[in-house]
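Visitor: What follows is a structure written as structure tokens; I'll ask about it next.
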Amino acid sequence: MSVSQHLTTPSIYSSSSAFFANSNFHVRPQRISLPGKSIATCKCVAVPQEEIIAYKTNVSRNANIAKLQAGYLFPEVARRKVAHLQKYPEAQIISLGIGDTTEPIPELITNAMQKKSQALSTYEGYSGYGAEQGEKPLRTAIASTFYKDLGIEEGDIFVSDGAKCDISRLQIVFGSSVTMAVQDPSYPAYVDSSVIMGQTGQFQKDVEKFARIEYMSCTPDNGFFPDLSKVSRTDIIVFCSPNNPTGASATREQLTQLVKFAKDNGSIIVYDSAYAMYMSDDNPRSIFEIPGAKEVAIETSSFSKLAGFTGVRLGWTVISKELRFSDGSSVAKDFNRIVCTCFNGASNISQAGGLACLSQDGIKAMGEVIGYYKENTEIIMETFSSLGFKVYGGKNAPYVWVHFPGRSSWDVFSEILEKTHVVTTPGSGFGPGGEGFVRISAFGHRANVVEACRRFRELYK
Ligand SMILES: Cc1ncc(COP(=O)(O)O)c(C=O)c1O
């Protein structure tokens, strides 16, 4: 059986005690209060405390950071959740907002980390700084597990503390003068890191976009793949598949078009494959499955959603030696320079865990947890479909993208929170193209997902 087959085979993981293991959520269903439909929607905006400034330095604020709007999306969602709890201290809040994993990491993986951790207390097993690019056995295992027969070698892999961190490090490599395109909607770290690097102009309130970023519209009408004939040339094209938040995964033909588009324009694709192993369709799991991609693409990925490593922290980035800047210099060499300057390598304990993940048993165990989340996704999709909503995503990603035509995403977010105590994520937080949608995450204990769906049915029946 291939890795992807293992990882996508749904499997039942239904011990009820496991649902509540490590949970901060107190399940007291009899005390769940579900306000009736008549209650007006509250925007539940926490009132910021007046700040008293006693002293100011003479250092001016980074003007690029000042361009950012409101705050990073997920802290804002968390802030509203806290405000809601202040209003309803007894509420049984269920979080299907931020895409954070909830199920325990399989023991064979934590055992490997425990062993490594204990070895650090011995003279024989102690190690300090490691190679900034990651330990060779893990780089080799990543290359052979995810890029077998794709011409990617161990030396092309840079192990990291996560894909989000690598996205920022890549921005440092590119600098402030490049132009960037993103899918609209997309994972907010792409736009925000571009703003912070100074690649953009100001936020334009009328269109809800930053100047100098090319927003590639991804809607149900174009099957969530941009019409490239309408996309202006940029230096960098960030592309995430399966996509967060829409859950759409690009086909081989679409990725072939994307690679050709990049080559025709002399652009570099940054391909985020953090959710590749959630795919059910037979679409490419790596951009390097597309011929010619090594000359135009970088891939970044993560153990976060693959193995529940959102807290452990481990990811990787792949840059082939064939990828070159316009002066012929190597992109991988510059990334290596940034990695050596800004990062001292992933934790040796995390790397031991990562290596265990990629053993045969580890792959099987991760596949079981992924299968569990995929069942959650089906439950959420079925709930909203049966209530008459248009539902997207889900099949290839742990996110369900629900359409509320003509409504504001933040209003729907507030309505759901106020009336069901379920936290979702407003689609407009992922870009203007997300307006009118809400993202429901399938990361959650089964009992919570089932209960949230019961409340959704009650609200929208
Ligand atoms: C598309 C995408 N890329 C990257 C990340 C971050 O991954 P990591 O935890 O490895 O930093 C996320 C997290 O939600 C994500 O959705």
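Visitor: Tell me which DSSP H helices of the chain clear both cut-offs, 24 Å or more of axial length from alpha-carbon atoms and a mean Kyte-Doolittle hydropathy of at least -0.5. Let's see the in-between values first.
Guide: Values: long enough: 360-386 (39 Å, -0.31).
Counting only whole DSSP H runs, the qualifying helices are 360-386.
Visitor: I would also like to ask the following. For the stretch 350-424 and the stretch 200-242, write down the distance between their C-alpha centroids in whole Å.
Guide: Cα centroid of the stretch 350-424 versus Cα centroid of the stretch 200-242: 24 Å apart.
Visitor: Given the Cα-Cα distance of GLU295 and GLU124 and 0.36 nm per residue of separation, how much length would full extension add, in nm?
Guide: Details: separation 171, 0.36 × 171 = 61.56 nm, distance 4.25 nm.
So the chain would gain 57.3 nm between GLU295 and GLU124.
Visitor: Report in % the part of the accessible area of the chain that belongs to carbon and sulfur, leaving out ligands and nucleic acids; probe 1.4 Å.
Guide: 53 percent
Visitor: Cα convex hull of the stretch 107-358: how many Å³ per residue? Walk me through the intermediate numbers first.
Guide: Details: hull volume 32.8 nm³, N = 252.
Once divided by residue count, the hull of the stretch 107-358 is 130 Å³.
Visitor: In whole angstrom, how long is each semi-axis of the equivalent ellipsoid of the chain, when you take the square root of 5 times every eigenvalue of its Cα gyration tensor and sort them from largest down?
Guide: 34, 28, 24
Visitor: With viscosity set to 1.306 mPa s and temperature to 10 °C, compute the Stokes-Einstein D of the stretch 137-259, Rh being the Kirkwood radius across alpha carbon pairs; µm²/s, no decimals. Let's see the in-between values first.
Guide: Details: Rh = 16.0 Å.
Result for D is 99 µm²/s.
Visitor: Can you order the peptides 400-409, 337-346 by their average number of other Cβ atoms within 10 Å per residue, highest first?
Guide: Ranked from most to least packed, the peptides come out as 400-409, 337-346.
Visitor: Based on the Cβ-Cβ distance from LYS148 to ARG324, what FRET efficiency comes out when R0 is 30 Å, to the nearest 0.05?
Guide: So, using R0 = 30 Å, E works out to roughly 0.75.
Visitor: What are the lysines whose alpha-carbon lies under 17 Å from the alpha-carbon of LYS374, with same-chain residues fewer than 8 places away excluded?
Guide: LYS305, LYS364, LYS395
Visitor: The stretch 242-297: D in µm²/s via Stokes-Einstein (Kirkwood Rh, Cα pairs, 20 °C, 1.002 mPa s)?
Guide: Rounded to a whole number, D works out at 186 µm²/s.
Visitor: Per the Cauchy relation, a quarter of the hull surface: what is the mean projected area of the convex hull of the alpha carbons in the stretch 58-147, in nm²?
Guide: Computing the convex hull of the Cα atoms and averaging its projections yields 13.0 nm².
Visitor: Where the only charges are on Cβ atoms (+1 Lys, Arg; -1 Asp, Glu), what is the dipole of the stretch 107-358 about its Cα centre, to the nearest 20 debye?
Guide: Details: 23 positive and 29 negative charges, 78 e Å.
The dipole magnitude comes to about 380 debye.
Visitor: Output the direction-averaged projected area (hull surface divided by four) of the convex hull of the alpha-carbon atoms of the stretch 364-461, in nm².
Guide: 6.1 nm²
Visitor: Can you say what percent of the DSSP beta bridges in the stretch 107-358, counting only those with both residues inside, are antiparallel? Round to 5.
Guide: 40 percent
Visitor: Under the rule of at least 5 residues apart or a separate chain, name every residue whose amide H is placed under 5 Å from the amide H of PHE224.
Guide: THR219
Visitor: So how compact is the stretch 270-397: Cα radius of gyration and Dmax in angstrom?
Guide: My reading of the Cα-based Rg and Dmax gives 17.9, 56 Å.
Visitor: Let me ask something additional. Zone of ILE65 (label point 7 Å along Cα→Cβ, backbone N under 17 Å): which residues in the stretch 141-176?
Guide: Zone members listed by number: 168-169, 172.
Visitor: Sticking with this one: About the Cα centre of the stretch 371-461, what is the dipole size in debye to 20, counting +1 per Lys and Arg Cβ and -1 per Asp and Glu Cβ, all else neutral?
Guide: It comes to approximately 160 debye.
Visitor: Ignoring ligands, DNA and RNA, what accessible area per residue does the chain give at 1.4 Å, in Å²?
Guide: Numbers: 20520 Å² over 461 residues.
On a per-residue basis, 45 Å².
Visitor: Over the chain, what is the percentage of antiparallel beta bridges among all DSSP beta bridges, to the nearest 5?
Guide: Around 55 percent antiparallel, to the nearest 5.
The values are calculated or read from the model by the stated rules, or taken from the named source; none is laboratory data. Because the structure is a prediction, the values reported are computed rather than measured. Quick reminder, even Gly has a Cβ in these numbers, built from the backbone with ideal geometry, and neighbours come from all protein chains shown. Protein only, heavy atoms only, side chains kept; ligands, DNA and RNA dropped before computing areas. Shrake-Rupley method; radii C 1.70, N 1.55, O 1.52, S 1.80 Å.
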